[in-house]
Amino acid sequence: METLYRLSNIRKSYGQRTVLAINELVLRPGTLYTLTGANGSGKSTLLSILAFLSPPASGELFFGGAPVRWNNAALLPLRRAVTLLHQSPYLFNGSVFSNVAYGLKLRAIRGDEQHRRVEEALMMVGLAGFEHRRARELSGGEAQRVAMARALALGPRVLLLDEPFANVDRDTSALLEELVVSLPGRGTTVIMTTHDPEHPDRLGGELIHLVAGELAGPLPAAA
Amino acid sequence: MDFFTESFHTALDLIAARDPDVVSAVTVSIVVSLWSTLFAALAGIPAGVALGVSEFPGKRWAVTLLNTLMALPTVVVGLFVYSIISRQGPLGGMGLLFTPSAMVIGQTVLAVPIMANFTLSAIKGADPRIIPTALTLGAGPFASVRRLVIELRFGIMAAVIAGFGRVIAEVGVAMMLGGNIRGYTRTMTTAIAMETGKGEFALGLALGLILMTVALIVNLFLNFLQQR
Amino acid sequence: MKLMNRLLLSITALLVLCTAVSAEERLKMSTTTSTQDSGLLKVLLPPFEQKNNCKVDVIAVGTGQSLKIGEAGDVDVVFVHARKLEDKFVADGFGVNRKDVMYNDFVVIGPKNDPAGIAKAKTAAEALKMIAAKASTFISRGDKSGTHIKEKELWQAAGVEPKGAWYVEAGQGMGPVITMATERQGYTLADRGTYNAFKGAKTDLAILFQGEKGLFNPYGIIAVNPKKHAHVKYDLAMKFIDYVTGPEGQKIIAEYKQHGEPVFFIYKK
């Protein structure tokens, strides 16, 4: 089976403290991964490396079989394949539409196609008709869902989610869980962090467990 | 008559009569200040942004230098530009000294560090999630900084307002580089300095009141822009 | 954002319109503050400007600075009052065609009760000597202006080197110095024109010594030498000099009055 990501001897440290040390990890496309571990175990650091937002201190990261070169020109197409959703997402000043359409505009997607995809994404998160609402005036749960729609509108190959259900009400949480579980079936790989011990079982994904920056427990199948 | 009431009445009289000297000084003040603000914004805001989002060795020195430039007295800036654009200076052939263009140059030099500094503080205080959010949604380095600037438009507009305030209120550069030529380079501030010199204190204060009114109107306008 | 862009664009367009002034010729003249502050230039310049379709840009500073600006070639003509410096300016090749324009005189002003008793002095130098002897407050221009240069000549003639707390070097124009002398109730040397403009409402100081030959205050006008600075508008400068020293300009100067008194006098030909 093909591989999506391969991490080889990845190290990341802040000052003297090593926050991430992964010798070998392979992630397959079209899969749901749940990334667990205590606070400070390196979950967010791993996500930001997988999102190509911050380079590892050493080691090699492969994406789609090719090694990742950490320079701006090489990173742009990679970043356009992968989207990270922060646990308390930042919404831009302006309307819900302008937020969800932001990534589409960057990809020079035409107006009518833009509208169609924004509408579709908002529908998926249960916010149909929210286009003209001001993003900053939404409730926490609504904001989380708009951020999810903003990521989904791009149709990314990989969606990285940092504690997506941590700051939302139960209804939103249920809706998002259902949505997230359906994504691998549509070809989007999902890697989400969580510290809810029930999540891995309930969502049925493959488990990656980090302890103090290192992989622990059974590893997901490599092939 | 009491000094302040006299000034107040003089101000009202000047406005009511649309005194040509006052009208001209107000026009020169506004036009020169707006040009300077525009040019200073074009240079200072990108400089502040560049300084704010990049990391390089000696950055702390650059910031310290910027802070020092902000403290430059207007007469020093005036003298510096004077030495460049005087007929004896390197740009003397352009015949800029004692023209409104000379004032625009001087005031631009004066306002650039202020705008760069205000922009820099706005960026320092910016939400750290803005750039990563833009990047992960597919922005390149330039597009992500552009988004940052748009998100910070309140702070950056504050930079513009501060720069405008500095140039419309200053007298050193305007006097030295403009030469206080009646109807040509005489601004509100140089007119006030001159009338004070002539002992016309009430008239000077009246002009001061008019200048404040003008500044208030321009600032209300800039504030309106900021709300957009 | 779109509205903001449009607004900024319209501001820019407005600025460009405001800045596009008519392309009439501009003659730059540096001069002493007294010619401007007396109000003379306001009546002297317009007829010339109309006839020649030009603007005379007046930069009013002290005589010393006026000549320096002329030396640098930043103006086309200088109109000042310090004969010795003017002659040096011409001798050094910076100016040509110096012409006498008009004169008035300097006066020593001070508090009405005249603590140093200079009203009884026979010469201006003696008057200054008495002020120094009493250590009465004296405000000096201290700015290398024509008046300051005259004052230094007088101290030299008096054989006194002014020094001490009583001798205040202001480093400012004539107006501020008269104001300062009024506030401190001190003496100062002033040109009659500026003093007349201050007399009454702005100062209670009185003329305590006047009318001596040594207090003669002649004004001269000089074109900046085109051989030194090729860019100067020599022809227009000469036209202006001819106008100021010709019958039309001289008549305006002679008839100009402030508070009902003449400010400048012309030479009888």
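The values are calculated or read from the model by the stated rules, or taken from the named source; none is laboratory data. Keep in mind the model is a prediction, meaning the values are calculated, not measured. In this analysis, Cβ positions are derived from the backbone assuming ideal geometry, glycine residues included, and neighbour counts consider all displayed protein chains. Areas reflect the complete protein model, heavy atoms only, side chains present, ligands, DNA and RNA absent. Shrake-Rupley method; radii C 1.70, N 1.55, O 1.52, S 1.80 Å.
Things worth noting here:
- Computed with a 1.4 Å probe over protein heavy atoms only, the accessible surface of the stretch B:25-188 comes to 40 Å² per residue.
- With 27 Å as the limit on Cα-Cα distance, the pairs of C:88/C:152; C:152/C:233; C:120/C:163; C:213/C:268; C:42/C:129; C:28/C:228 that go past it are C:152/C:233; C:42/C:129.
- For chain C, radius of gyration divided by Kirkwood radius, i.e. Rg to Rh on alpha-carbons: 1.07
- Relative frequency of Cα-Cα separations exceeding 18 Å in the stretch C:103-162, percent: 30 percent
- Its Cα gyration tensor gives the stretch B:88-171 an equivalent ellipsoid. The semi-axes, each the square root of 5 times an eigenvalue, are 36, 16, 8 Å from largest down.
- Rg/Rh ratio calculated on Cα atoms of the stretch A:28-151 (Kirkwood radius): 1.00
- Of all accessible heavy-atom area on chain C, the percent that carbon and sulfur account for (1.4 Å): 56 percent
- q = 0.15, 0.32, 0.34 Å⁻¹: log10 I(q)/I(0) that the Debye formula gives for the stretch C:204-243, counting C-alpha atoms only: -0.58, -1.07, -1.11
- For the stretch B:74-107, a decrease in accessible area of 20 Å² or greater in the assembled protein chains relative to the isolated chain, with a 1.4 Å probe, applies to B:82, B:87, B:88, B:97, B:98.
- Dimensionless Rg over Rh [the stretch C:43-135; C-alpha; Kirkwood]: 1.14
- Counting only protein heavy atoms and a 1.4 Å probe, the stretch C:105-215 has 43 square angstrom of accessible area per residue.
- Estimated FRET transfer efficiency (residue C:99, residue C:210; beta-carbon r; R0 22 Å; 0.05): 0.25
- Carbon/sulfur fraction of accessible area - the stretch A:43-98, other protein chains in place, 1.4 Å, %: 55 percent
- Share antiparallel - DSSP beta bridges, the protein assembly as shown, percent rounded to 5: 55 percent
- In chain C, helices alone account for a calculated mean residue ellipticity at 222 nm of -13000 deg cm²/dmol, with every DSSP H run of four or more residues adding -39,500 (n - 2.57).
- Quarter of Cα convex hull surface for the protein assembly as shown, i.e. mean projection, nm²: 42.3 nm²
- The GluC sites (Glu not before Pro) of the stretch A:160-222 that meet both conditions, a loop assignment by DSSP and at most 11 other Cβ atoms within 10 Å of the site Cβ, are A:198.
- Net charge, residue C:137 excluded, C-beta distance under 11 Å - Lys, Arg +1, Asp, Glu -1: +1
- Occluded residues from the stretch B:23-65, i.e. those whose accessible area drops by 10 Å² or more once the chain is not alone (1.4 Å probe): B:31, B:34, B:35, B:38
- A versus B: buried accessible surface, summed, Å² (probe 1.4 Å, to nearest 100): 1700 Å²
- Probe 1.4 Å, protein heavy atoms only - accessible area per residue of chain A in square angstrom: 45 Å²
- Summed over both chains, the area buried between B and C is near 2600 Å², taken from the accessible surface of protein heavy atoms with a 1.4 Å probe.
- Cα gyration tensor shape for the stretch C:183-269, rounded if a/c is under 1.5, else prolate or oblate: prolate
- Shape category assigned to the stretch B:1-92 from the gyration tensor of Cα positions, a/c cut at 1.5: prolate
- Remark: the stretch C:108-244 projects, on average over all directions, an area of 10.3 nm² (convex hull of Cα atoms).
- For chain A, the alpha carbon positions stretch 47, 40, 38 Å along the principal axes, listed from largest to smallest.
- q = 0.13, 0.20, 0.27, 0.30 Å⁻¹: log10 I(q)/I(0) that the Debye formula gives for the stretch C:151-199, counting C-alpha atoms only: -0.33, -0.76, -1.14, -1.23
- With the alpha-carbon atoms of the stretch B:95-228 aligned to their principal axes, the span from lowest to highest coordinate is 64, 33, 20 Å, starting with the largest.
- Most mobile of A:208, A:49, A:109 in a GNM of chain A (Cα contacts under 10 Å): A:109
- Comparing each chain alone with all protein chains together (probe 1.4 Å, DNA, RNA and ligands left out), the residues of the stretch A:69-113 losing at least 40 Å² of accessible area are A:79, A:90, A:92, A:93, A:102, A:106.
- Modelled this way, with points 7 Å down the Cα-to-C-beta line, the labels at residue C:49 and residue C:153 are 3.3 nm from one another.
- Springs join every pair of Cα atoms under 10 Å in this Gaussian network model of chain C, and among C:124, C:158, C:181 the largest mean-square fluctuation is at C:158.
- Computed over chain C with a Gaussian network model linking Cα atoms closer than 10 Å, the most mobile of C:79, C:198, C:138 is C:198.
- log10 of Debye I(q)/I(0), alpha-carbon scatterers only, for the stretch B:25-188 at 0.20 Å⁻¹: -1.15
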